[in-house]
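**Student:** Here it is: the structure, laid out below.
The values are calculated or read from the model by the stated rules, or taken from the named source; none is laboratory data. Note that this is a predicted model, so its numbers are computed, not measured. Here Cβ is always computed from backbone atoms with ideal geometry, including for glycine, and neighbour counts include all displayed protein chains.
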């Protein structure tokens, strides 16, 4: 069963999360520092260290088998670790050899009851039917197999709240949660309601958890057109993608009919640029940079359009209208660049056109965006001033078809981490969760938070942003670890050394993965970003090969981050003081 086909009544929200107060921890029992999945991953790493050759054969990040000849200990299941493929004929999780259960695309058994979250007592599910007498001998023979499956099930993370969040954020009723849409507003309200049920307090300036701000949504019903006037007065209409491509700088505008100004040497380039003309500079890239620099026109600054020859003399494939944009205020304007190809490229090259006009069909609507910001106050009078902040985007990127590329999975994991932390009770330090929206490159909600923070940002001790968690790279196998890259921070290495299954990504990928952590670092606050691992080769094609979300991996990430956050809030994981301006190892 895929994410889009999860049972969810159209037009209704799912039932709320179970309240942490209604599911108390086991009486008198000391809560384990790490969850069952984290402990399973640590055991696999210990096995790999004991047998380096096995680790090399299986590859980095893959659980290694026990050393040859070692008998399975009584405190560890001899079965496969969670995330490995079962041998043919062996029972899968929650399934015996007698009763094979159908599997869903998201990794769980269809119709199987979900186990309780890590750290909470499991609820018994007694059978209502008596055992058939003829099954007794078979059950005696299957006792070791069933026992192994039960031990493995206990070490497997399950998150009914996580699956519920994914079902809602990915539902068709929200229409992709595109910034500025009604679905995006509904998603923000739903997240705020869930946080309130967990016991979080709102930090918005006007009270509550939603910090609303005005914006303008710009939709493009049709693709742009390019109209060239020939010497005989007739018009050639260029098709977007077929005859030309466009690079937009700032807000897109239709232009008037602009005279084409041809430049082949520096002396022909006017000292003052004209917004009523389109520049066609015939020269190398070095000549362009040098000549425009001498005239103080930067990258075509001041001209109405910048016409350039494309690399192909053949026509391309047609493209649809530009993606919907949300405008939060005045943007830095620049000259749009038009790359011509095919016959139009040749006509412009050989002086076949005298003027040009760019035509955009747009529709503007005033909308309201919201940032969800909430806190779980610390219990220690002194340490409560120190804040551990977690951030994720909850809106959708236009054109994205899976939750791992549009922020849905990261928001769901953040919500589940908040639930895990709240269920453990008050911690000495304060936890703040931040769900932001805005364009993917410039998250306006995050910028607004940094410009007008609801508390003194000097209280920030640790910042972790979440992104691209929905599906690790297929070439990585079934990784049981999480990547964390830092900007002026070495928190990822500290968490790895503390025993958590967290790694620092390779240097050639570290800079690409920083994302929203850069905004915090530029404001003077060391920050980190948690992402699913993938290779450098697949980083250029993220989101192209679509597949089902890896719910088991998301549950593993939620548990790992939950353990990390609890360790930071309680002080069990000691992190050296980080000075803004001093770069960490990544």
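**Student:** Determine, yes or no, whether residue 208 is assigned to a loop (DSSP other than H, G, I, E, B), more than 30 Å from residue 178 (Cβ to Cβ) and at pLDDT below 90.
**Tutor:** So residue 208 does not fit the description; no.
**Student:** Let me ask something additional. Hey, could you check the range 348-373 for residues that are surrounded by 16 or more Cβ atoms within 10 Å (Cβ to Cβ) and closer than 28 Å to residue 282 by Cβ and say which is modelled with the lowest pLDDT?
**Tutor:** My answer is 360.
**Student:** Of all residues in the range 149-164, which are modelled with pLDDT of 80 or more and within 11 Å of residue 551 (Cβ to Cβ)?
**Tutor:** Hits for the range 149-164 are 162, 163.
**Student:** I'm checking my understanding of the structure. Among residues of the range 445-463 that are assigned to a helix (DSSP H, G or I) and in contact with a strand residue (DSSP E or B) (Cβ under 7 Å, 6 or more places away or on another chain), which one is modelled with the highest pLDDT?
**Tutor:** 459
**Student:** Could you list, in sequence order, the residues of the range 244-281 that are on the phi < 0 side of the Ramachandran plot, surrounded by 12 or more Cβ atoms within 10 Å (Cβ to Cβ) and out of contact with any strand residue (DSSP E or B) (no Cβ under 7 Å at 6 or more places or on another chain)?
**Tutor:** Hits for the range 244-281 are 248, 249, 252, 253, 264, 266, 268, 270, 273, 274, 275.
**Student:** Only one of (1) modelled with pLDDT of 80 or more; (2) surrounded by fewer than 16 Cβ atoms within 10 Å (Cβ to Cβ); (3) part of a loop (DSSP other than H, G, I, E, B) is not met by residue 441, so which one is it?
**Tutor:** Result: residue 441 passes all but (1).
**Student:** Collect the residues in the range 287-315 that are within 20 Å of residue 223 (Cβ to Cβ), modelled with pLDDT under 90 and surrounded by 15 or more Cβ atoms within 10 Å (Cβ to Cβ), keeping them in residue-number order.
**Tutor:** Result: 310, 315.
**Student:** Working only within the range 504-560, note down all residues that are in a helix (DSSP H, G or I), at pLDDT 75 or above and within 13 Å of the chain's Cα centre (by Cα).
**Tutor:** Those that are in a helix (DSSP H, G or I), at pLDDT 75 or above and within 13 Å of the chain's Cα centre (by Cα): 517, 554, 557.
**Student:** Within the range 482-500, how many residues are in a loop (DSSP other than H, G, I, E, B), in contact with a strand residue (DSSP E or B) (Cβ under 9 Å, 6 or more places away or on another chain) and at pLDDT 85 or above?
**Tutor:** Total meeting the criteria: 1.
**Student:** Still on this structure: Output the residue which, of all residues in the range 189-215 that are within 21 Å of the chain's Cα centre (by Cα) and closer than 21 Å to residue 554 by Cβ, is surrounded by the fewest Cβ atoms within 10 Å (Cβ to Cβ).
**Tutor:** Of everything passing the filter in the range 189-215, 190 is surrounded by the fewest Cβ atoms within 10 Å (Cβ to Cβ).
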